[in-house]
Amino acid sequence: MSKPKHKIQVFEHQTLHHGRLYNDVGFTVNHFNALTKLNEMHENKYFTVVHKGIKFAQYVGVVQIEDLCIEILPKADNDSDDKKVWQGVLIAMLRATKRLKVDNVGNANVNKQNIHLLDIYFEWFLDEVQLLLHQGLIKHYYKQTNNVKALKGKLEFAGHIRKNLIHKERFYTTHQVYEKDHLIHQVLSQALRIIEQFSKGNHLHSKCKSVQLDFPEVRQIQANEATFAKIPNSRKTAPYKTALEIARLIILNFAPNVSSGKENMLALLFDMNSLWEEYVLVCLKRAASNSDQEIAIHGQKSKRFWNGISIRPDIVIEKNDDTFIIDTKWKNINGSPPSTNDLRQMYVYNEYWKSSKAMLLYPSNATKFSQEDFIPFNSITDVVHHQCGLGKVSVLKEDGKGLNNEIGCEILNWFLD
């Protein structure tokens, strides 16, 4: 009988100490060791090791160590501690930035108390594989070298002599095979095996076993980054695109036997700085497309800076002959001034893009900005210099119960009014 799955929810930058209970769920020294090893494998970017504990950084998502699921949630302010709300915010951001298509998930209700991000990705993948099975799996030609009972293909003479000195009725050949046991299906099968292991004890396990029964028997492989580079991209393989993307996410983030305790681990973690930037960009593009003005929104538009080095603001807004710059920052500065380095960066962006206004954009629990908040950089000449402002935009809706999807209009109004 499989172990029941336990869940601990924390916010980014919070700390877990081993030997303590969190909502009656224990965080053990084995869990601590597994997370430490995972962190070392990723250059210590996910956590900071403190005395008998782990302090999380700006990475959010989910880590599963055997029967324990740790969900790290974003948090933009000091007011709302509702983990259900912030779990919804994370899922909505992943959906908006196309890192997750929750609409494709059938039975996984994100409001269930015990649901977590891995369940949603797992069910999305299982649904994609079921769709492929319904449509019919493709076959590929590939070369196979082995003993056959009839001569076909190329006779491997040295191998034939070595293997068939007694068995005169066999031929050791290299020949073409046309069947379903090829690299794409081997990758999908590996992802199914991982899901089978990590879904034990919940509603997805039986669904995974059912999909595996319908899936053809293929050779087991251990895929890595190089494996995915070998997968052909063609019209014939186009229906597999989504399933392969999820399989890649699952397989490359699976870390078997990460500690001396041999705990298997799967971690799906996302940098909130990147996710916030992508979400703001999506909202701005949507607002610009709905505007009656001609507005162009660009993300990560670079220019050469010095000796082959480029500079690249997060977002560039173009309207007629006007250009504006936005650099997103996922941190709560409260009433503190921005860093000098951030201001220098915005100054350079304005110079290189001939922008009249730049903005450092922060998340907040309330929208705070006015036209007067654009402050000119001090000029060493009589020329009127460009400006920089600090924008704080509410991540949550006014009722505090979901992700604010109107921030694109709010930001554009700050520049264009």
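Here's the picture: charge each Lys and Arg Cβ at +1 and each Asp and Glu Cβ at -1 in the chain, and of Tyr59, Ile325, Gln222 the one pushed furthest to the positive end of that dipole is Gln222. For the range 204-304, taking Cα atoms only, Rg and Dmax work out to 20.1, 61 Å respectively. Taking the protein heavy atoms of the chain in the context of the full set of protein chains, the accessible area attributed to carbon and sulfur is 47 percent at 1.4 Å. Restricting the GluC sites (Glu not before Pro) of the range 1-69 to loop positions (DSSP other than H, G, I, E, B) with no more than 12 neighbouring Cβ atoms within 10 Å leaves Glu43. Each label was represented as a point 7 Å from its Cα along the Cα-to-Cβ direction; for Asp271 and Gln220 these points are 3.6 nm apart. Shape class of the range 280-345 from the Cα gyration tensor (axes a ≥ b ≥ c, square roots of the eigenvalues): oblate, since a/c reaches 1.5 or more and a/b does not exceed b/c.
Taking every lysine pair in the range 260-417 that is 8 or more places apart or spans two chains, those with Cα atoms closer than 20 Å amount to 28. The loop-placed GluC sites (Glu not before Pro) in the range 230-328, going by DSSP, that have at most 10 neighbouring Cβ atoms within 10 Å of their Cβ come out as Glu294.
Excluding Gln186 itself, calculate the net charge of residues whose Cβ lies under 14 Å from the Cβ of Gln186, where each Lys or Arg counts +1 and each Asp or Glu counts -1.
Around Gln186, the charge tally is +3.
Computed from the Cβ-Cβ distance with R0 of 30 Å, the FRET efficiency linking His18 to Lys45 stands at 0.90.
Okay, which of the range 28-48 sit inside 20 Å, backbone N to the point 7 Å along the Cα-Cβ direction of Leu252? In the range 28-48, the label zone of Leu252 (backbone N under 20 Å from the point 7 Å along Cα→Cβ) covers 38-47. Of the trypsin sites (Lys or Arg not before Pro) found in the range 1-90, those in coil by DSSP whose Cβ has at most 12 other Cβ atoms within 10 Å are Lys45. Counting only protein heavy atoms and a 1.4 Å probe, the chain has 53 square angstrom of accessible area per residue. Within a straight-line Cα-Cα reach of under 13 Å, Lys7 can be paired with the following aspartates and glutamates, leaving aside sequence neighbours fewer than 8 residues apart in one chain: Asp24, Glu66, Asp67, Glu71, Asp119. Placing pseudo-labels 7 Å out from each Cα toward the beta carbon at Gln293 and Lys331 gives an inter-label distance of 3.1 nm. Answer rounded, prolate or oblate for the range 294-417, using the Cα gyration tensor with square roots of eigenvalues a ≥ b ≥ c: rounded when a/c is under 1.5, else prolate when a/b is larger than b/c, else oblate. Note, shape of the range 294-417 comes out prolate. Annotation: average projected area of the chain is 29.0 square nanometres, based on the convex hull of Cα atoms across all directions.
The residues neighbouring Asn273, those whose beta-carbon lies less than 12 Å from its own, together hold a net charge of -3 under the Lys/Arg +1, Asp/Glu -1 convention. Partners of Lys149 within straight-line reach, counting lysines whose Cα lies under 16 Å from its Cα and excluding those fewer than 8 residues away in the same chain: Lys163, Lys168.
Stretched out straight at 0.36 nm per residue, the stretch from Asp67 to Thr174 would grow longer than its current Cα-Cα span by 34.0 nm. Result for the chain in a Gaussian network model with C-alpha springs under 10 Å: among Leu396, Leu155, Leu213, the largest mean-square fluctuation is at Leu155. Between the alpha-carbon centres of the range 302-342 and the range 392-417 there is a gap of 19 Å.
The values are calculated or read from the model by the stated rules, or taken from the named source; none is laboratory data. Keep in mind that what you see is a predicted model, and the values were worked out from it rather than measured. Virtual Cβ from ideal backbone geometry, glycine too; neighbours counted across all protein chains shown. Quick note on the areas: whole protein, heavy atoms, side chains included, nothing else; ligands and nucleic acids left out. Shrake-Rupley method; radii C 1.70, N 1.55, O 1.52, S 1.80 Å.
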